[in-house]
Amino acid sequence: MIRFNQVHKRYPGGYHALKNVSFQIAKGEMTFLTGHSGAGKSTLLKLIAAIERPNLGSVLVNNQNVGALKERALPYLRRNLGIIFQDHKLLFDRNAFDNVLLPLQICGFDYRESHKRVRAALDKVGLLKREKSNPVALSGGEQQRLCIARAIVNRPSILLADEPTGNLDAEYAQEIMAIFKSFHQVGVTLLISTHDTSVLQDTKVRILALRQGELQ
Amino acid sequence: MRHALAQHIGVLRRMFAAPLAGFLNILVIGIALSLPAGMYVLLQNAQGQVAQLSGTPQISLFMSMDAKADDVDRLRKKLDQYPGIERVEFVDRAQALEQLKQSTGLGDVVGGLNQNPLPEAFIVYPKPDEAKALEALRGELAKLPKVELAQLDSAWAYKLEALLKFGRMVVLILASLLSLALIAITFNTIRLQILTQRDEIEVAKLIGATNGFIRRPFLYFGAMQGLLGGIMAYFIITLSLMLLNHQLDALSQLYASQFVLNSLSLGDSLTLLLFSMYLGWLGAWLSVARHLSQIEPH
């Protein structure tokens, strides 16, 4: 499903974020990406969504070389991905419902069907009662869950999460992990980055550990 | 379909979010458009008047005083065979004198004359497509035997026509310049909007929005602003003409004639609105093409 072949990523200015990274994630697999901040976790996720492009090597998603995709093809790649951002990237000029509706509007979904899907996604993350609230009025954990709802409303086959439990206390973090597990159970491929390995203690999952841009 | 509608409603909501700024923009566009369009209306009116006054051009042929009846007949036959002439009207000198007495109120003066000072005359109506060769035709007719004078009656109308052509060119230049101004206004408005919606554009790109999807509300906004500016221009022109007509009313009473400025015709009004809408769209398109590519998620 996701395959890295000897990927190098160097930012302008000389910072070598990823060095010779190769791995493969099968369909339906749930994988954690660990490492200290600055280890290259965010860069790796950005390469999958073609937000950044590799300097060397290839990144394949669904057998498509995303590093070589044309600008015009990017939207269609990203519609297959659900991305949960470290900084949420919610829009504060509209309520929770409309934030989750946005991906469906972008895909030109049927109006009635899209409203059903938004409610289902909000229900899944336990925010159905807050659909009219502005994201500003939500707590950090709720904002994170809203971001998850927006990522899954399109029913993507791959879910990428960048530090989804980063600033949350343990209880909230467990809640979110539980939500991810439920996606794993229905066959979604997940790649979740975290610097906090304590949330992984009771789970038997595959771990990719990055250290200074290299896979351990 | 309903998403598109929601997007459009979003655009309108955004417009009304800053009503004063939006209104000022529309006012500026309206004034910019009303200048050339208003001049165009005045020109149209002037042209209507000219057409009414001049009608079809004609050439008056005055015969010499010693022309006899068979000279008149000979000339008439010649004129009838002339290729560039549509028809000819003979003005009897006695008849002309009678007309002069009645129409000018100079009856006493004319009655005091001991002989008729007027010559026999023909009024020549050239064929419409000969209009350009009128001067040449006049020259030829002047050389015919027993013709004293050939006079082109509507020469002044052609001079005025040339003046109107000049006026139309002024309108064209003004319209081109102010169209550019309109495009620039929209360009800048959209640029500011894109900057304030940077976050939204970035997020939309990250979750799979095509450039077309992101572009659409801005183009719609530009077209909408242009259209409203066009409507504003229409009202400015209509109101100005109402005020002018009010003044003209007093003037035409003094001249004992009827003179009214007509407003834009339906076709011209529609052209104005569509054109301003198109210019708004174009300004927005240029702005979006220039600024949207600068916003890339990272």
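The values are calculated or read from the model by the stated rules, or taken from the named source; none is laboratory data. On a predicted model such as this, the values are computed, not experimentally measured, just so you know. Don't worry about glycine lacking a Cβ; one is built from the backbone with ideal geometry, like all the others, and counts go over all protein chains shown.
Candidates in region A:118-129 are the residues that are modelled with pLDDT of 90 or more and surrounded by fewer than 21 Cβ atoms within 10 Å (Cβ to Cβ); of these, the one that is farthest from the other protein chains (Cβ to nearest Cβ) is A:LYS129. Candidates are the residues of region B:254-277 that are surrounded by 11 or more Cβ atoms within 10 Å (Cβ to Cβ) and either outside the structural domain of B:LEU178 (by TED's automatic domain parsing) or not hydrophobic (A, V, I, L, M, F, W, C) (or both); the one that is farthest from B:GLN49 (Cα to Cα) is B:SER276.
Of the residues making up region A:17-37, at least one is modelled with pLDDT under 90, loosely packed, with under 14 Cβ neighbours inside 10 Å and in a loop (DSSP other than H, G, I, E, B). In region B:199-211, is there at least one residue being away from chain A (no Cβ under 14 Å), buried (at least 18 other Cβ atoms within 10 Å of the Cβ) and part of a helix (DSSP H, G or I)? Within region B:199-211, none of the residues are away from chain A (no Cβ under 14 Å), buried (at least 18 other Cβ atoms within 10 Å of the Cβ) and part of a helix (DSSP H, G or I).
Inclusion of A:TYR11 among residues that are within 14 Å of another protein chain (Cβ to nearest Cβ), over 30 Å from A:LEU146 (Cβ atoms) and out of contact with any Pro (no Cβ under 8 Å at 6 or more places or on another chain) is warranted. The single condition among (1) closer than 21 Å to B:GLY283 by Cα; (2) more than 14 Å from chain A (Cβ to nearest Cβ) that B:VAL170 does not satisfy is (1).
Rundown of residues vs (1) surrounded by 21 or more Cβ atoms within 10 Å (Cβ to Cβ); (2) at pLDDT below 90; (3) outside any helix (DSSP H, G or I), yes/no style:
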residue	(1), (2), (3)
B:GLN151	no, yes, yes
B:ALA162	no, yes, no
B:LEU172	no, no, no
B:ALA175	no, no, no
B:SER179	no, no, no
B:ILE231	no, no, no
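Each residue in region A:39-57 was checked for being outside any helix (DSSP H, G or I) and more than 14 Å from every other protein chain (Cβ to nearest Cβ), and 6 of them qualify. Which residues, counting only those in region A:58-91, are within 13 Å of chain B (Cβ to nearest Cβ) and polar (S, T, N, Q)? Those that are within 13 Å of chain B (Cβ to nearest Cβ) and polar (S, T, N, Q): A:ASN80, A:GLN86.
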